[in-house]
1. Filter the stretch 4-60 for residues that are within 41 Å of the chain's Cα centre (by Cα), over 20 Å from residue 77 (Cβ atoms), of a type in the set (A, V, I, L, M, F, W, C) and at pLDDT 85 or above and give the result.
2. Could you count how many residues in the stretch 50-70 are under 17 Å from residue 83 (Cβ atoms) and open to solvent by less than 100 Å² (accessible area, probe 1.4 Å)?
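The values are calculated or read from the model by the stated rules, or taken from the named source; none is laboratory data. Values in this document were obtained by computation on a predicted structure and should not be read as measured data. When we count neighbours, we look across all protein chains shown, and the Cβ atoms used for this are built from the backbone with ideal geometry, even at glycine. Calculation scope for accessible area: heavy atoms of the full protein, side chains included, ligands and nucleic acids excluded. Shrake-Rupley method; radii C 1.70, N 1.55, O 1.52, S 1.80 Å.
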Amino acid sequence: MKKTDLEKNKASKVRIQLQQAAIPGRFAAESNAMPDRREQRKLDQAAGLVPFAVKLPADLVRRLREQAEQTGANINELTATAIQAGLAESTPAPSPAPAPAPAEKAAKAVKPKA
């Protein structure tokens, strides 16, 4: 056999294997498991959720993830409750009244020259 005939046989074997292989999950029933990004964004907007990017220290993020795994909650929900609790604790104290402005120098009496 010629080399080209051998390559054709290899290609036909590969083609047969591909035809007999199962359809990957991403194209079969699993493709409808999660909505795509656009649909997920619409669902989030309908629920009143707003994307809010924040840069946090790695240690804090690790602790949040661990706590989310322990409680079985979503990390977004856990972060929201932590922020709400933190804001409730740190209610601002009433600010003091601003100090009155200093009196103008025009109030000083100017002595006439004699």
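1. Passing the criteria: 18, 58.
2. The number of residues fulfilling the criteria is 8.
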